[in-house]
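Visitor: Once you've had a glance at the structure underneath, I'll fire off some questions.
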Amino acid sequence: MSLVERQLLNDFQRDFPLAPKPFAKIAKQLKTDPQVVLSTLKALKKRGMVSRIGPVFRPHAIGASTLATMAVPSAKIERIAAIVNRFEAVNHNYEREHDFNLWFVVTAEDQAQLQSELSGIEKATGYTLISLPLVVGHHIDLGFQMNLNNANRNTIKHQSRASQPVAEALIQDDGLLDERLIETIQFGLPLVGRPYRAVGKQIGRSEAAVIERIERMQTSGTIKRFGVVVRHRELGYRANAMLVWDISEERVDRLGEQLSQLDCVTLCYQRQRHLPEWPYNLFCMIHGRDRSEVERCIEEITKRFELHSLPHQVLFSTRRFKQRGARYRSKDTSAHLSSDPRG
């Protein structure tokens, strides 16, 4: 990749400029032209390296979500995965090496809708699923480092460390504006010279109001980070494993914090057990260039924290059936909101 491509992918995964002309501001930092920045980002998105430029929302800050899994016979998994993918509420869907082999994330506007979506998936597929809701997020940012040198190798990771229990929704005082804004930017900003003005036109608000609301959602914690969201496989991180343990309540918080600080751990969080099928409550995601790199990280974790004797599982990902940004607000919600006279 070119220097500009690597800088855009690495340096702007967070703290994307909240300014009327953000791409011009980035161009100034990179000593290039705004059109070069825009055309490069468009090309990276077309190549699949960039998913979107926009918000990564704090889980449950504006909706409800869960990680779900089901055990599907290998001969039927492609067909069942295709059925699961038809649900708009599903934003990630992977096959993993385990009896529970199909893993997917379901996001909805609230708990009632989430339960409805899960029931709908069970009915459509004919398979029972288990739902594993998030309890505590030790590290749930998933920023990937594309640094040009080792001097600032941990910049992305260290900035994102902040364990957070699942919270109630954090909608601001002008909930109507937030709803419209979330529905409009959840899949990313338009790649135009003045993206916040373009968003404002869609929701009937000024460019300044859009910028101010995004700033407030960041300050409140509704938005965890705002910037370039990359697709890890397309960037060369072709192997990943989900490492899970059954950890005592007395130890789980401390161990989650410790694991989160390791360079090779890209996600770390606690989820509810689902007994008796799933006794594991601490999850780590490990991404690497190849399987051996992931295995070395697993061995390092196991030795350092003396985890050999604890019940655990390693679930390598084998296929990606779906990966996109979560849909927190539906078009139906948007249509309903746009009828408000203040619009």
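Visitor: Against the conditions (1) over 30 Å from Val136 (Cβ atoms); (2) modelled with pLDDT under 95, where does Ile26 fall short? Just the number, please.
Guide: Of everything listed in (1) over 30 Å from Val136 (Cβ atoms); (2) modelled with pLDDT under 95, Ile26 misses just condition (2).
Visitor: In addition: So Ser309 clears everything in (1) free of Cβ contacts under 8 Å to residues at least 40 places away in the same chain; (2) part of a helix (DSSP H, G or I) except one condition, right? Which one?
Guide: (2)
Visitor: Please give the number of the condition Thr266 fails out of (1) in the same structural domain as Thr69 (by TED's automatic domain parsing); (2) polar (S, T, N, Q); (3) part of a helix (DSSP H, G or I).
Guide: (3)
Visitor: Oh, and also: Could you list all residues from region 12-27 that are free of Cβ contacts under 8 Å to residues at least 12 places away in the same chain and either farther than 24 Å from Ser206 by Cβ or among the small types (Gly, Ala, Ser) (or both)?
Guide: Step one: filter region 12-27 for residues free of Cβ contacts under 8 Å to residues at least 12 places away in the same chain, giving 17, 25, 27.
Passing the criteria: only Ala27.
Visitor: Could you tell me whether region 267-274 includes any residue that is within 28 Å of Phe16 (Cβ to Cβ), in contact with a Leu (Cβ under 7 Å, 6 or more places away or on another chain) and buried (at least 22 other Cβ atoms within 10 Å of the Cβ)? Show your work before the answer.
Guide: We begin by selecting, within region 267-274, every residue within 28 Å of Phe16 (Cβ to Cβ); these are 267-269.
Still in the running and in contact with a Leu (Cβ under 7 Å, 6 or more places away or on another chain): 267-269.
Next, from what is left, pick out any that are buried (at least 22 other Cβ atoms within 10 Å of the Cβ): 268-269.
Scanning region 267-274, I find at least one residue that is within 28 Å of Phe16 (Cβ to Cβ), in contact with a Leu (Cβ under 7 Å, 6 or more places away or on another chain) and buried (at least 22 other Cβ atoms within 10 Å of the Cβ), so the answer is yes.
Visitor: Looking only at region 59-80, filter to residues that are more than 13 Å from the chain's Cα centre (by Cα), buried (at least 21 other Cβ atoms within 10 Å of the Cβ) and not hydrophobic (A, V, I, L, M, F, W, C); which one of those is farthest from Phe226 (Cα to Cα)?
Guide: Of everything passing the filter in region 59-80, Thr69 is farthest from Phe226 (Cα to Cα).
Visitor: Would you pick out the residues in region 28-58 that are in contact (Cβ under 8 Å) with a residue 40 or more places away in the chain, surrounded by fewer than 14 Cβ atoms within 10 Å (Cβ to Cβ) and in contact with a helix residue (DSSP H, G or I) (Cβ under 9 Å, 6 or more places away or on another chain)?
Guide: So in region 28-58, the residues in contact (Cβ under 8 Å) with a residue 40 or more places away in the chain come out as 34, 38, 41-42, 45, 47-58.
Adding the requirement that they be surrounded by fewer than 14 Cβ atoms within 10 Å (Cβ to Cβ) leaves 42, 47-48.
Those that are in contact (Cβ under 8 Å) with a residue 40 or more places away in the chain, surrounded by fewer than 14 Cβ atoms within 10 Å (Cβ to Cβ) and in contact with a helix residue (DSSP H, G or I) (Cβ under 9 Å, 6 or more places away or on another chain): Arg47, Gly48.
Visitor: Kindly evaluate Asn101 against the criterion of being under 24 Å from Leu282 (Cα atoms) and either within 13 Å of the chain's Cα centre (by Cα) or outside the structural domain of Pro190 (by TED's automatic domain parsing) (or both). Please lay out each step first, then the result.
Guide: Working: under 24 Å from Leu282 (Cα atoms): yes; either within 13 Å of the chain's Cα centre (by Cα) or outside the structural domain of Pro190 (by TED's automatic domain parsing) (or both): yes.
Here the answer is yes, as Asn101 does meet what is asked.
The values are calculated or read from the model by the stated rules, or taken from the named source; none is laboratory data. The structure presented is a predicted model; accordingly, all values stated were derived computationally and were not measured. Positions of Cβ are generated from backbone atoms using ideal geometry, with glycine treated the same way; all protein chains shown enter the neighbour counts.
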